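Just below is one structure, and these are the notes that go with it.
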Amino acid sequence: MPPKTKANGTKAGAQKKKRNAGADVETESMHRLAQLENELLRDHLALQRNEARRAKASEDQLKQRLQELEAELEGARREGKAIYTEMSRQRQALQEEMETRSRQLEEEVKGLREKLDKCQREAEAAEREAKQALGERDRTLAQLRAHVADMEAKYEEILHGSLDGLLDKLRAVKPQWDGALLKLHARYKEQLRQFGLNPLDL
């Protein structure tokens, strides 16, 4: 084995330093890598926490909104039930009112029909009575006309007979009246002359 010289020792020392320097760099790189991984892990954890907080906030908002919607739905259900109940009540009341009104109208129609039948019967009876009365009146008028005509004929006959008799009597007494009138006239003339009056002037 050849003896170690100073040059060989220096070279070996340089190589050893070089190996130690390489080990330090590798150690530092690993340390730096570990730091980066820790930083990444912390950032990832922070991001996850932020996402979790946002998710929790969103969940709380969704829960609150769901509660609000459920409350609105329950209110709408109660309102719808109340409206349905009120509509049912009104429909029942309207139906009862319509049935009552229908019965009233049926009673009114029945009463009016009865009155109409009665009026028709009374009208028919009145018409029959009127026809009968007109027939009796016509018969009575015919009888009266015949009686009047008969009486007129009899009166005319009596009148003519009476007039004829009166004329006969007048003809019988006319000569006597004429003589009496002449005597009476002559007497009046004489009395007028006695008073100084002229009969011709009167």
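The values are calculated or read from the model by the stated rules, or taken from the named source; none is laboratory data. Note that the structure is a prediction, hence the values are computed from the model and not measured. Note that we place each Cβ from the backbone using ideal geometry, even for glycine, and neighbour counts take in every protein chain shown. Just the protein is used for accessible areas: all its heavy atoms, side chains included, with ligands, DNA and RNA removed. Shrake-Rupley method; radii C 1.70, N 1.55, O 1.52, S 1.80 Å.
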Check your understanding: What whole-number value in Å² describes the accessible area per residue of region 19-69 for a 1.4 Å probe?
Key -> 90 Å²
Review point. From the phi of every residue in region 37-43, what ³J(HN,Hα) in whole Hz does the Karplus formula 6.51 cos²θ - 1.76 cosθ + 1.60 yield, where θ is phi - 60° and glycine or proline is x?
Key: 4, 5, 5, 4, 5, 5, 4
Revision key, fill the gap. Summed over the other residues with a beta carbon less than 12 angstrom from that of Ile158, with K and R at +1 and D and E at -1, the charge totals -3
Check your understanding: Ignoring ligands, DNA and RNA, what percent of the accessible area of region 108-202 is carbon or sulfur (1.4 Å)?
Key -> 60 percent
Check your understanding: Which aspartates and glutamates have a Cα less than 19 Å from the Cα of Lys169, not counting those fewer than 8 places away in the same chain?
Key -> Glu157, Asp178
Practice item. Enter the accessible area per residue of region 75-202 (Å², integer; probe 1.4 Å; all protein chains in place). Key: 93 Å²
Check your understanding: How large is ³J(HN,Hα), in whole Hz, for each residue of region 111-127 in order, when computed from phi with the Karplus curve 6.51 cos²θ - 1.76 cosθ + 1.60 and θ = phi - 60°, using x for Gly and Pro?
Key -> x, 5, 5, 4, 5, 5, 4, 4, 5, 5, 4, 5, 5, 5, 5, 5, 5
